[in-house]
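Notes follow once the structure below has been shown.
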Amino acid sequence: MDVSEIAERLASGGEATDVELAALITAEGEDRDAVFEAARRVRDREFGKKTFLYGFVYFSTYCRNECSFCYYRKSNGIDRYRKTKDEIVDLAKGIKKAGINLADLTMGEDPFMIKNNYENFLDLVSTIRDEVGLSIMASPGAVPQEDFPRMRDAGADIMACYQETYNRQLFADRRLAQDFDYRRNQKVWAMQNGMLAEDGMMVGIGETVEDRVHAIREMIALGCDQVRAMTFVPQEGTPMEQSGTVDSVNELLCLAAMRLLRHDVLIPATLDVEGIAGMRTRLDAGANVVTSIIPAQSQLAGVAQCSMDIEDGHRCADYVIERLREMGREPATADELKNEFARRKARIVA
Ligand code: SAM
Ligand code: MD0
Ligand code: SF4
């Protein structure tokens, strides 16, 4: 199969079959380079050199769930923390000052934040909106449909809830005792209520190449404004601790496929899989957002890499911005992201 022809066809707005997409996301050698080059070209045509910067605020690591891949699953006997509202506000002010465009307010499904219809979580969101004024991503896990209007009214701009896989059996094996359709609907309910949505897939959790193609198709078909892929990182004390891993190039190829299928979508280059070393490869695969930026002195954790590059400042804003400029890319401003979100929200309610 002529992979570079497939990539070029998609880059100019054409379509591809599932078999062609499978070839694209398993490309090697020169074909692989051609896929990444086409994805970068499409990204630069849509966004120029501008790169959005998201700060990761993992404010509570308590969780009632038992996802088999996750370090923070309930039964793992780890040290946990829950930041106070004042601490979180200070952190968010700090990341705004450092040039970050958005606060990603993330938690495990923490009973304290969830109780009384998400009272504490929603109070946190509205406080960040009122006292900090950054764009806000909500990553609270799966939320009942009736709470979405309140989440929007509190000021959440985008709801992040990753399906991980669109293979229902694999979902059941990985997100233990969670409902596939309920989680899928998080994205639908967000958009029906005027928020943007982010979906995501994991790479290396036992899926086939066909499963990856299926996940990419489903995420794009849902109409999410942001889509991601993250390579599985094995975690101590979890059922998947000894599971094998896949090369992160598989993730990069999935990112490139997303870019080629939906030219103007937001795609994160996460620092949470390979640290700062993984930023360039992800941007070179067509990503246009850097996520999981964490201030050095914050005592906040990552998810897939709970400590990598954090304490030495290699995941902080200044360091990321320097590396971006070295690549010839430009950090967006907080206002530029606000405008981008406003334009996208107008489109989903239209
Ligand atoms: N608790 C909320 C939830 O599950 O939706 C929000 C935060 S959750 C920790 C964020 C995401 O991190 C998960 O949806 C999953 O995609 C990713 N993740 C978790 N553990 C991971 C691992 N070991 N390797 C790679 N990604 C992981
Ligand atoms: C990231 N560590 O962006 C974060 C996290 C949650 N919305 C995002 C997985 O990689
Ligand atoms: Fe909890 Fe999220 Fe980890 Fe699942 S992925 S155990 S919901 S923190």
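In a residue-by-residue description of region 95-105, the property of being open to solvent by 50 Å² or more (accessible area, probe 1.4 Å), within 15 Å of ligand 2 (Cβ to nearest atom) and not small (Gly, Ala, Ser) applies to no position.
Per the listing Val273, Val249, Val265, the residue uniquely modelled with pLDDT of 95 or more, touching a Ser or Thr at 6+ places or on another chain (Cβ under 6 Å) and of a type in the set (A, V, I, L, M) is Val273. If you check Tyr54, Tyr71, Tyr62, Tyr58 for being within 19 Å of the chain's Cα centre (by Cα) and open to solvent by 30 Å² or more (accessible area, probe 1.4 Å), only one passes: Tyr71.
Of the helices (runs of 4 or more DSSP H) lying entirely inside region 258-350, the ones with 3 or more residues being open to solvent by less than 10 Å² (accessible area, probe 1.4 Å) and within 28 Å of Glu109 (Cβ to Cβ) are found at 334-349. Gly204 falls short of the stated requirement of being closer than 28 Å to Arg43 by Cβ and within 13 Å of ligand 3 (Cβ to nearest atom). Cβ-Cβ contacts under 6 Å between residues 6 or more apart (or on different chains), taken from a first residue in region 328-350 that is at pLDDT below 95 to a second residue that is open to solvent by less than 30 Å² (accessible area, probe 1.4 Å) and part of a loop (DSSP other than H, G, I, E, B), are listed as Val349/Gly194. Residue-level check: of (1) in a helix (DSSP H, G or I); (2) open to solvent by less than 40 Å² (accessible area, probe 1.4 Å); (3) touching a residue at least 60 places away in the same chain (Cβ under 8 Å), Ile205 misses just (1).
Within region 293-315, one or more residues are within 15 Å of ligand 1 (Cβ to nearest atom), among the small types (Gly, Ala, Ser) and free of Cβ contacts under 8 Å to residues at least 24 places away in the same chain.
Residues considered: Pro149, Pro140. Of these, the only one that is of a type outside the set (Gly, Ala, Ser) and closer than 29 Å to Thr208 by Cα is Pro140. Only residues that are touching a residue at least 24 places away in the same chain (Cβ under 8 Å) and either touching a His at 6+ places or on another chain (Cβ under 8 Å) or among the aliphatic types (A, V, I, L, M) (or both) were counted across region 167-180, and they come to 4. Taken as a whole, the structure places Glu218 among residues that are in contact with a Phe, Trp or Tyr (Cβ under 6 Å, 6 or more places away or on another chain), open to solvent by 40 Å² or more (accessible area, probe 1.4 Å) and outside any loop (DSSP other than H, G, I, E, B). For region 221-257, the candidate set comprises residues that are open to solvent by 10 Å² or more (accessible area, probe 1.4 Å), touching a helix residue (DSSP H, G or I) at 6+ places or on another chain (Cβ under 8 Å) and assigned to a loop (DSSP other than H, G, I, E, B); within that set, the residue that is nearest to Ile294 (Cα to Cα) is Ser248. Of all the listed residues (Glu164, Glu198, Glu146, Glu210), the sole one being open to solvent by 50 Å² or more (accessible area, probe 1.4 Å) and in contact (Cβ under 8 Å) with a residue 40 or more places away in the chain is Glu210. None of Thr17, Thr26 is among the polar types (S, T, N, Q), open to solvent by 40 Å² or more (accessible area, probe 1.4 Å) and closer than 15 Å to Leu253 by Cβ except Thr26.
One line per residue, one yes/no per condition, for (1) in contact (Cβ under 8 Å) with a residue 60 or more places away in the chain; (2) within 30 Å of Met240 (Cβ to Cβ); (3) within 16 Å of ligand 1 (Cβ to nearest atom):
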position: Glu5; (1), (2), (3): no, no, no
position: Arg32; (1), (2), (3): yes, yes, no
position: Ala39; (1), (2), (3): yes, yes, no
position: Glu46; (1), (2), (3): yes, no, no
position: Leu53; (1), (2), (3): yes, no, no
position: Tyr71; (1), (2), (3): yes, yes, yes
position: Ser75; (1), (2), (3): no, yes, yes
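Assess whether Arg183 counts as being in a helix (DSSP H, G or I) and either within 16 Å of ligand 2 (Cβ to nearest atom) or buried (at least 24 other Cβ atoms within 10 Å of the Cβ) (or both). Yes, satisfied.
The values are calculated or read from the model by the stated rules, or taken from the named source; none is laboratory data. Being a predicted model, the structure only gives us computed values, none of them experimental. Note that each Cβ is placed from the backbone with ideal geometry, even for glycine, and that neighbours are counted across all protein chains shown. Quick note on the areas: whole protein, heavy atoms, side chains included, nothing else; ligands and nucleic acids left out. Shrake-Rupley method; radii C 1.70, N 1.55, O 1.52, S 1.80 Å.
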